[in-house]
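Engineer: So that we are looking at the same thing, I have put the structure below in structure tokens.
The values are calculated or read from the model by the stated rules, or taken from the named source; none is laboratory data. All values derive from a computational prediction rather than experimental measurement. Counting neighbours? That spans all protein chains shown, and the Cβs are built from the backbone with ideal geometry, glycine included. Quick note on the areas: whole protein, heavy atoms, side chains included, nothing else; ligands and nucleic acids left out. Shrake-Rupley method; radii C 1.70, N 1.55, O 1.52, S 1.80 Å.
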Amino acid sequence: MKPHSPAAERSRDPILGVLRTYFGDRRHVLEIGSGTGQHAVHFAAAMPWLQWQPSDHPDALPGIDAWRAEAGLPNLRPAIALQSEPGRGLQPPPAPPPGGFDAVFTANTLHIMGWSRVQALFASLPAITAPDALLAVYGPFHIAGKPTSESNRAFDAWLKAEYAEGGVRDLEAVQALATSAGLRPIARFAMPANNFCLLWRRGGPRTP
């Protein structure tokens, strides 16, 4: 039986509306934290010009590949094991296409990962991405250190109780990590259920 996430089902079309615009000239996408695999199937089907590479913890790969097998999409690659390790970056290091992945996408991951893992993820991106790569991140964020809604305040409290290092991330702190990785912000979209879709392009100034 394929795994199923109602949240992934609800968010897929709003996210697709953003990705269609910004990924129109992309060719090779690495999805970090593919979860059930529903997003991967939906986006690969809707954007056949992309080679979509899903990834996640090894335990999640059978579920992702069950969705992939049912969909039978030629541009959806087999899921690979990938985890962000503090001090080591993405492990095992993914094998990018020639020139690097020209897009990276991740949804609902930064608030589950410990902050040191979020730092490792951003630090590892320059080594695997193309010089003009795009990064798209979907999920909830605090702005100026404050929740954007009461539901996000409650979600943050739940995360911190459920995951030792979890929590809704501050947008400004994530932006600082992006800047240090040579990424400059290009767009921010308010999404349903008090989420955001954030986009960066590689090529911005790096910090020391």
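Engineer: Looking only at segment 83-121, which residues are of a type in the set (A, V, I, L, M), part of a loop (DSSP other than H, G, I, E, B) and either open to solvent by 50 Å² or more (accessible area, probe 1.4 Å) or touching a His at 6+ places or on another chain (Cβ under 8 Å) (or both)? Before you say what the answer is, go through the steps one by one.
Structural biologist: Step one: filter segment 83-121 for residues of a type in the set (A, V, I, L, M), giving 90, 95, 103-104, 107, 110, 112-113, 118, 120-121.
If we keep only those that are part of a loop (DSSP other than H, G, I, E, B) as well, we get 95, 110, 112-113.
Ala95, Ile112 - these are the residues of segment 83-121 that are of a type in the set (A, V, I, L, M), part of a loop (DSSP other than H, G, I, E, B) and either open to solvent by 50 Å² or more (accessible area, probe 1.4 Å) or touching a His at 6+ places or on another chain (Cβ under 8 Å) (or both).
Engineer: Please tell me if Pro74 is at pLDDT below 95 and either on the phi < 0 side of the Ramachandran plot or open to solvent by 30 Å² or more (accessible area, probe 1.4 Å) (or both). Step through it out loud before you land on a result.
Structural biologist: Working: at pLDDT below 95: no; either on the phi < 0 side of the Ramachandran plot or open to solvent by 30 Å² or more (accessible area, probe 1.4 Å) (or both): yes.
Here the answer is no, as Pro74 does not meet what is asked.
Engineer: While we're on this one: Test of understanding: among Trp67, Trp52, which residue is in contact (Cβ under 8 Å) with a residue 12 or more places away in the chain and either over 21 Å from Phe122 (Cα atoms) or exposed (fewer than 15 other Cβ atoms within 10 Å of the Cβ) (or both)?
Structural biologist: After applying the criteria, what remains is Trp67.
Engineer: A follow-up question, please. Need pairs with beta-carbon distance below 8 Å; first residue farther than 27 Å from Asp102 by Cβ and acidic (Asp, Glu) and within segment 1-27, second open to solvent by less than 40 Å² (accessible area, probe 1.4 Å) and assigned to a helix (DSSP H, G or I); sequence gap 6+ or separate chains.
Structural biologist: Final answer for the pair search is Glu9/Gln38.
Engineer: Would you please list the contacts, defined by Cβ atoms under 6 Å and residues six or more apart or on different chains, that run from a residue in segment 172-196 that is outside any strand (DSSP E or B) to a residue that is loosely packed, with under 15 Cβ neighbours inside 10 Å?
Structural biologist: Sorted first by the residue in segment 172-196, then by its partner, the pairs are Thr179/Thr207; Ser180/Thr207; Gly182/Arg206; Asn194/Ser149; Asn194/Ser151.
Engineer: Still on this structure, please answer the following. Pick from Ala161, Ala144: which is open to solvent by 50 Å² or more (accessible area, probe 1.4 Å), among the aliphatic types (A, V, I, L, M) and on the phi > 0 side of the Ramachandran plot? If you could, list the steps in order and put the result at the bottom.
Structural biologist: Values: Ala161 fails: on the phi > 0 side of the Ramachandran plot.
Just a single option satisfies the conditions, and that option is Ala144.
Engineer: Now for a different question. Taking His39 as the residue in question, decide whether it is at pLDDT below 95 and over 19 Å from Asp132 (Cβ atoms).
Structural biologist: Criteria not met by His39.
Engineer: I've got another one for you. Filter segment 5-31 down to the residues that are within 22 Å of Arg201 (Cα to Cα), assigned to a helix (DSSP H, G or I) and over 16 Å from the mean Cα position of the chain (by Cα) and list them by number.
Structural biologist: Thr21
Conditions (1) at positive phi; (2) of a type in the set (A, V, I, L, M, F, W, C), marked per residue:
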| residue | (1), (2) |
| --- | --- |
| Gly33 | yes, no |
| Pro62 | no, no |
| Ala69 | no, yes |
| Ala79 | no, yes |
| Gly99 | yes, no |
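Engineer: Among the residues of segment 21-28, are any surrounded by 16 or more Cβ atoms within 10 Å (Cβ to Cβ), charged (D, E, K, R) and modelled with pLDDT of 95 or more?
Structural biologist: Yes, some residue in segment 21-28 is surrounded by 16 or more Cβ atoms within 10 Å (Cβ to Cβ), charged (D, E, K, R) and modelled with pLDDT of 95 or more.
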